[in-house]
1. Name the residue farthest towards the positive end of the dipole of the chain from the options Gly75, Val32, Val20, assuming +1 on Cβ of Lys and Arg, -1 on Cβ of Asp and Glu, about the Cα centre.
2. Assuming R0 = 22 Å, what is the FRET efficiency of Trp8 and Arg54, from their Cβ-Cβ distance, to the nearest 0.05?
3. Using a probe of 1.4 angstrom, how much of the accessible area of the chain is carbon and sulfur, in percent?
4. Exactly which GluC sites (Glu not before Pro) in the chain are in a DSSP loop and have at most 13 other Cβ atoms within 10 Å?
5. With every protein chain left in place, what is the accessible area of Asp72 in Å² (1.4 Å probe, nearest 10)?
6. Could you give the dipole magnitude of the chain about its Cα centre, charging the beta-carbon of Lys and Arg +1 and that of Asp and Glu -1, in debye to the nearest 20?
7. Summing -39500 (n - 2.57) over the DSSP H runs of n ≥ 4 in the chain and dividing by its residue number, what mean residue ellipticity at 222 nm do you reach, to the nearest 500 deg cm²/dmol?
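The values are calculated or read from the model by the stated rules, or taken from the named source; none is laboratory data. If you're wondering where the values come from, they're calculated on a predicted model, not measured in any experiment. Note that we place each Cβ from the backbone using ideal geometry, even for glycine, and neighbour counts take in every protein chain shown. Each accessible area value is taken on the protein alone, full model and side chains, heavy atoms only, with ligands, DNA and RNA left out. Shrake-Rupley method; radii C 1.70, N 1.55, O 1.52, S 1.80 Å.
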Amino acid sequence: MLAKVQKWGNSQGVRLAKPVLAQAHLGVGEAVEVVARDGAIVLLPVRRVRGRVRLASLVARIPPDYRAREVDWGGPRGRETW
């Protein structure tokens with residue numbers, strides 16, 4: 001498929017044909033990561049599990065020496081019951 005870089009407002013963009021999106025398993029509105037590699041522009045699908053971040057990437061940021069502990073949040077406030 002041939003495409004042309006177009007100007008849209010202050011940005012530039014490329015339109016992708018529906019069959020190309022289907023082959024990449026992408027739909028309208030889905031997030032992609034755009035990277036430049038060896039003089040080529042590469043679009044990578046962003047697969048999200050919940051919200052905007054993958055659980056695995058969050059867990060990877062936990063320090064190895066981290067140990068969970070109980071936190072005292074104080075007594076009930078308002079109409080809370082314990």
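1. The listed residue farthest towards the positive side: Val20.
2. The computed FRET efficiency comes out at 0.15.
3. Of all accessible area on the chain, carbon and sulfur atoms account for 55 percent.
4. Those satisfying the criteria are Glu30, Glu70, Glu80.
5. Per-residue accessible area (Asp72): approximately 140 Å².
6. With Lys and Arg at +1 and Asp and Glu at -1, about 280 debye.
7. Rounded to the nearest 500, the figure is -3500 deg cm²/dmol.
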